[in-house]
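**Q** One structure, as structure tokens, below. Some questions next.
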Amino acid sequence: MNSSFTTNYREMAPWLETILNDCQDAVFITDRHFNLVHWNVAAEELWFKQSRRPAKKNVVDFLNLLFPGHSEVHAQIQRGIALDEQVEDIFVATPHDRTFRISCYTHKFPGTRYLLDVVIILRDLQATIHRKKEIKPGVLYKTLLNSLEEGVMLLQGEQGTIVSANTKACEIIGFSHEQLIGKNLSELGGKAFKEDGSTLSIQEYPVMITLKTGEIIQHIVVGFVNARGKLTWLSVNTCLLEEFNAEVPGLVAVTFNDITARKEAESRLTESQHIFQSFMNNTHSPAWILDEDGYIIYMNDTFKRVWKLNDGHLYTNIRDLMPAGMVEEYVANNLKVLETGQPLITIENSLRRDGSPGVYLVFKFLLQTATNKRLIGGQSIDITEEKNAQEEIIKINERFYYTTKATSDYIWDWNIEKGTIYRSEPFSRLTGYLQNDMDNDLYWLLEKIHVEDRQRVMHHINACLMARNNYWHDEYRFRCADGSYKYLSDKGYIIYKNGNAVRAIGAIQDLTEKRKLEAELEQQKEKERLRIKQAMIAGQEYERNEISKELHDNVNQILSSAMILLSSSRQNPDDQEYLIDKTTKYIDLAIQEIRKISKSLNSSIIKEIGFIDPVEDIIKNMQLVRPIEVTFHCDPFLEDELSHEVQLMLYRIIQEQTNNILRYAEASYVKIAIDKSNGWLSLLIMDNGKGFDVNQQTKGIGLLNIHNRAETLGGTMNIDSQPMRGCRLLVQVPL
């Protein structure tokens, strides 16, 4: 080729250049605007033979120059491209009586209507066709015709008599040249049919239509089974070699190309395209193809649904379809594929089927084509849910990590299938074992459990697994790194799959301090029980002593006086009646004293008549012993609300404190008040006696009994007293 004249386009692939330059026909390869992309040597020579060459490298301008006055050539080529048909056997003569056969083919991307290239072939028939009915071909004519790859025949007459045929025509029809010449079409035998499989009659043969009507037939596809039974698919064209005369049918040339291989390839291609389309449109992943300039030449149904597009958006630039916030990232990734030539896997933001924002795993790659027009294929998978789940897992793991840091529990995760255990970092701080010192299995843990607890824990774990229980809980003593033992509470949730335990997750709590506090509390309770028992014994002894004193100092004296009077009545008969009467009064007084002592000791009277009347009896007895003013305040309805235990407590405390007042206070005024307020019962006992120092006299049996009785019912006792300032006792009990 002329190195000084190039198409200023991409360099032709070496293998394609070799094939084109071996071709004797002039081959022009253009883009969809008929601007030259490539040509072969024959085309270049034909171009430069023209004295007036077009200023621009446009094939349409060249054809108009080569075939002046034949604008139908351009029109037929445009029509073929628009209808997606191949244009073949356009016979045109130049002003210099050179006849050319023009063919036009389109190259589109498989499965789409995207036009990649236009191929125009000019074949110089190198013959002069004279306008007469009979032509006697010479040597040059025969050589030319027989060198053609197309079948060529000349026919005339109403029956379509064959007057000439080249070698290829004889081969296709299945006759020798001698057998074929002079035969009518009806004598050829065989069978012709249309593309749809219907039979084609003799009168419907393209050449017969031209003979009878003068109509030029172009690119009619006919199937022909010759006399030998061989099927050949033909592309048939006809042309008039002289002016049409309806009275006398003229000479007609018919050419037919063997397109059997092409038909089979088209059939296979159609099947492949159908499979491709079916596969792409049934996948749930969006798929697309763009050219290097960003124009969409293919998109599957899923892609259309996501972006709400249709076939009318094909050959539209992607920048005009995608939101501005997404398209820049998308185009940048396309450029990476074009620059590197390598596939690219990226994560890109896009839209989902419902129109909401989504995240896609995108695979982009270059597609191999027969031209230098680079195409980018792409497919994406919606990973929005997976991305959200992954982010949620990260959050959960982060939350779990910080929870294990913040919680007082020590987390563990037992993979039962693998036999491994994860223990959180705080467990190491709890036990003193470093992470490297701890085996990640159950046996390491069991070995550290106290020997007295180990078998029980193992049995409990096995029992839970055998019973398929979901919850397990146990407590045990665990040997730490320093040899000391800690009390641990261990709880776990067991996960089952298909009836088999696969995992358990749990937490450990340190109960060591709790157990120590419980032991200390139990010791305190034991001491308190012992103290209360001792107080009760002391109280009983005190009460017995008081009874003994009452019997000795009072009842005993009364009875002794009665005995003396009774003895005197025997020795003084004159005063006997008076002395016996006096003795009877003393005995009656002793009986009253004994009854009073019995009544003060008997608690059943509280259950029978309540506590208000017995308290009033206490007040009366106080006033009999010593002139003293006593005020008593208590709501009578309160007696019905209080339990027997509370009433008995009030009675005993009043009884105890009034005895203390009579013995030690030397008081002239006492106040007793019982009130209820805000869920608490209050007992107030006040006197104006000589008082005492509470820091020195709080260990007496009487006060201890009062304190114990209040504490038994969950109450409190408070004493406020000073020397010569009286005493104030307040007892409060929750109701």
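The values are calculated or read from the model by the stated rules, or taken from the named source; none is laboratory data. The structure displayed is predicted, hence computed values, not measured ones. Counting neighbours? That spans all protein chains shown, and the Cβs are built from the backbone with ideal geometry, glycine included.
**Q** Being out of contact with any Leu (no Cβ under 8 Å at 6 or more places or on another chain) and modelled with pLDDT under 85 narrows it down to one of Gly358, Gly325, so name that one.
**A** Step by step, each of Gly358, Gly325 is checked, and only Gly325 is out of contact with any Leu (no Cβ under 8 Å at 6 or more places or on another chain) and modelled with pLDDT under 85.
**Q** Among all residue pairs at least 6 apart or on different chains, which show Cβ distances below 6 Å where the first residue, located in the stretch 663-676, is closer than 15 Å to Pro627 by Cα and the second is among the charged types (D, E, K, R)?
**A** That search, which allows pairs on different chains as well, returns Ala665/Asp687; Glu666/Lys690; Ala667/Asp687; Tyr669/Glu629; Val670/Asp687.
**Q** Here's something else I'd like to know. Can you name the condition, by its number, that Asn718 falls short on among (1) at pLDDT below 85; (2) surrounded by fewer than 16 Cβ atoms within 10 Å (Cβ to Cβ)?
**A** The number of the failed condition is (1).
**Q** If I ask for residues that are more than 20 Å from Leu703 (Cβ to Cβ), surrounded by 15 or more Cβ atoms within 10 Å (Cβ to Cβ) and not acidic (Asp, Glu), which ones from the stretch 622-645 would you list?
**A** Residues satisfying the conditions are Ile628, Val630, Phe632, Cys634, Leu638, Leu642.
**Q** Just give me the residues in the stretch 27-57 being closer than 24 Å to Phe91 by Cβ, modelled with pLDDT of 85 or more and polar (S, T, N, Q), in sequence order.
**A** Matches in the stretch 27-57: Thr30, Asn40.
**Q** So Pro110 ticks every box in (1) under 17 Å from Trp233 (Cα atoms); (2) at pLDDT below 85; (3) not basic (Lys, Arg) but one. Which box is left unticked?
**A** With (1) under 17 Å from Trp233 (Cα atoms); (2) at pLDDT below 85; (3) not basic (Lys, Arg) applied to Pro110, the lone miss is (1).
**Q** So, one more: From the list Asn708, Asn688, pick out the single residue that is surrounded by 16 or more Cβ atoms within 10 Å (Cβ to Cβ), at pLDDT below 85 and of a type in the set (S, T, N, Q).
**A** Going through Asn708, Asn688 in turn, just one is surrounded by 16 or more Cβ atoms within 10 Å (Cβ to Cβ), at pLDDT below 85 and of a type in the set (S, T, N, Q): Asn708.
**Q** Among the strands (runs of 3 or more DSSP E) lying completely within the stretch 471-532, list those that include at least 2 residues that are touching a residue at least 40 places away in the same chain (Cβ under 8 Å) and buried (at least 18 other Cβ atoms within 10 Å of the Cβ).
**A** Correct list: 485-497, 500-510.
**Q** Please specify each residue of the stretch 153-177 satisfying the condition of being surrounded by 19 or more Cβ atoms within 10 Å (Cβ to Cβ) and assigned to a strand (DSSP E or B).
**A** Residues satisfying the conditions are Met153, Leu154, Leu155, Gln156, Ile162, Ser164, Ala165.
**Q** Residues to consider are Arg262, Arg305, Arg319, Arg352; find the one that is farther than 30 Å from Ile220 by Cβ and in contact with a strand residue (DSSP E or B) (Cβ under 9 Å, 6 or more places away or on another chain).
**A** Arg352
**Q** Oh, and also: Determine, yes or no, whether Thr369 is among the β-branched types (Val, Ile, Thr) and in contact (Cβ under 8 Å) with a residue 40 or more places away in the chain.
**A** Judged against the criteria, Thr369 is a match.
**Q** Which strands (runs of 3 or more DSSP E) does the stretch 624-717 wholly contain that include 1 or more residues that are under 60 Å from the mean Cα position of the chain (by Cα)?
**A** So the answer is 669-677, 680-687.
**Q** Could we say that Ile594 is among the aliphatic types (A, V, I, L, M) and at pLDDT below 85 here?
**A** Yes, satisfied.
**Q** Moving on. Specify the residue that is surrounded by the most Cβ atoms within 10 Å (Cβ to Cβ); the eligible residues are those in the stretch 355-384 that are assigned to a loop (DSSP other than H, G, I, E, B) and of a type in the set (S, T, N, Q).
**A** Thr371
**Q** In addition: Which residue is surrounded by the most Cβ atoms within 10 Å (Cβ to Cβ), if the candidates are limited to the stretch 178-216 and must be among the hydrophobic types (A, V, I, L, M, F, W, C) and in a loop (DSSP other than H, G, I, E, B)?
**A** Checked the stretch 178-216; the qualifying residue surrounded by the most Cβ atoms within 10 Å (Cβ to Cβ) is Leu188.
**Q** Within the stretch 421-456, can you find the residues that are assigned to a loop (DSSP other than H, G, I, E, B) and on the phi < 0 side of the Ramachandran plot?
**A** The answer is Ser424, Tyr433, Leu434, Met438, Asp439, Asn440, Asp441, His450.
**Q** Among the residues in the stretch 262-277, are any buried (at least 19 other Cβ atoms within 10 Å of the Cβ) and out of contact with any Lys or Arg (no Cβ under 6 Å at 6 or more places or on another chain)?
**A** no
**Q** Let me ask another. Which residue is modelled with the highest pLDDT, if the candidates are limited to the stretch 272-317 and must be part of a loop (DSSP other than H, G, I, E, B) and β-branched (Val, Ile, Thr)?
**A** Checking each candidate, the answer is Thr316.
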